[in-house]
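Presented below is the structure to which this report refers.
The values are calculated or read from the model by the stated rules, or taken from the named source; none is laboratory data. Since the structure is predicted, the reported quantities are computational estimates derived from the model, not experimental observations. Positions of Cβ are generated from backbone atoms using ideal geometry, with glycine treated the same way; all protein chains shown enter the neighbour counts.
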Amino acid sequence: MKYYDKLIFELSKEGRCGYSLPDNMWEENTGSIPSGLRRTSVPRLPQVSEVDVVRHYTNLSDMNFGVDTGFYPLGSCTMKYNPKINEEIAGTAGFQGIHPLQPRSTVQGVMKLYNDLSASLSAITGMAAFTLNPFAGAHGELTGLMIMRRYHICRGDLKRTRVIVPDSAHGTNPASATVCGLEVVQVNSLPDGTIDVDHLKTLLDDTVAGIMMTNPNTLGLFETRIGEIADLVHGCGGLLYYDGANMNPLLGVVRPGDMGFDIMHLNLHKTFSTPHGGGGPGAGPVGVAERLRQYLPLPRMDGEEPEENAGRISGFMGNFGVLLKAYAYILMLGRQNIRMAGPLATLNANYVKESLKDCYMLPVPSVCKHEFVFDGLADQSTGVTTLDVAKRLLDYGFHAPTVYFPLLFHQSIMIEPTETESKETLDAFIDVMRKIAGEAAEDPDLVKSAPHNTPVRRPDETAAARHPVIRFQY
Ligand SMILES: *Cc1c(COP(=O)(O)O)cnc(C)c1O
């Protein structure tokens, strides 16, 4: 262990200090703080110099992995590079200093930005109107389902309480439907990974509120029968909800509105380049077709409050910093260049898939969009699992892909390279994946005991999630 791998509490030395604060000018007023709330002992803080603090945090950041550190092919998450100019713009003093309770007349620039961003998102998706209020993809799903519900209720169609969700869906889809008080009905996939339309037909009746789909679906496959699915669901009186977290490969190529979807959300923190992961700030704007405009939640950009509104899902009008970054990203690329993102993401995914399919099991061999799924190593006799491969990748400096999702296969490895990676980076990743497959055959224990050179090896992931230790005790 290097000296500075020690925790900052261990570096603490009585009396050492890295700051100087002005004298406490409120000393005589502390009497107004109720005695029960007053500190009786000195807080136990580490006593360290400024240089110790700087080194502590710099070394901690070195132990982390991010998009700025290396290739991050985490399927479904679209971990693409986020241009730094977005951060600079979001940090502009005029934008940083505004307050959500400011009178509208003083934030007209922000209102214009909201308007222009909504218009851009409408042009990109083919939806008539957007609310920018939701804070995340899942929050957008809930908002969209509230709109769906409100639409049926306002028509007096109270029987419609079931939502159809494919078995390959992202876990947030059934969760959002349940939170919205709707009943989830599962539609199966065919062996080729697309929705079983014959099964769907057996589920459609006058209790169906709608269907939730993502296209391309979680296997990265385009649902080519979407037109037929839209006719069937509309024919039974239901609405189509589009989970737009997978919009990246479609940018400038196909629009959900043209596919027949009535409501959708976008993950601005995936497709429109805001750093995410670790629960960072997001935005999940929801778009609707013209006939659903009046159901958009409050507060609204037009300041109107139609009776049919789906309610309030946030105090104010969304996560402004994230909206600003998405706006900067869209303007920076422009109408022409934004069309290149989707095809490049698709090309990169297919390149990696084709280069590895002799070493890894490819359950669905068709052309994919932005991502694809392997079902573990082609040679399963070695006992090396998907988890082992993922851990071994860390030794080689790559973030692991998404593992054990989707649940359709036992050894899922879900890879999404995104459009921002060079051919050299993709080739390096392919080399390492091939090398790991070789190691699995020749020296399986090496892979099973990986990672060998990361600061933390194999934590108990369940315990870490259930009983996180987030404080150093001393
Ligand atoms: C990421 C993702 C979501 C959820 O988005 P959050 O912002 O994490 O709530 C929903 N659906 C799909 C397909 C996703 O990839």
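Of 456, 367, 384, 403, all but one fail to be under 24 Å from residue 219 (Cβ atoms), among the hydrophobic types (A, V, I, L, M, F, W, C) and at pLDDT below 95; the exception is 367.
Among the residues making up segment 158-187, those that are modelled with pLDDT of 95 or more, in a loop (DSSP other than H, G, I, E, B) and of a type outside the set (Gly, Ala, Ser) are 158, 159, 160, 161, 180, 182.
Reported count of residues in segment 61-95, each being away from the ligand (no atom under 16 Å from the Cβ) and under 24 Å from the mean Cα position of the chain (by Cα), is 20. Comparison of 105, 49, 118 shows that the only residue that is among the hydroxyl-bearing types (Ser, Thr, Tyr), buried (at least 17 other Cβ atoms within 10 Å of the Cβ) and modelled with pLDDT of 90 or more is 118. With the structure loaded, tell me whether residue 189 is away from the ligand (no atom under 11 Å from the Cβ) and within 27 Å of the chain's Cα centre (by Cα) or whether it fails that test. When the stated conditions are applied, residue 189 passes them.
Each row is one residue, and each column tells you yes or no for (1) part of a helix (DSSP H, G or I); (2) touching a residue at least 60 places away in the same chain (Cβ under 8 Å).
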| position | (1), (2) |
| --- | --- |
| 399 | no, yes |
| 418 | no, yes |
| 421 | no, yes |
| 435 | yes, no |
| 445 | yes, no |
| 452 | no, no |
| 459 | no, no |
| 465 | yes, no |
| 469 | no, no |
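If you go through segment 135-152 and keep only what is more than 9 Å from the ligand (Cβ to nearest atom) and under 19 Å from the mean Cα position of the chain (by Cα), you end up with 142, 143, 144, 145.
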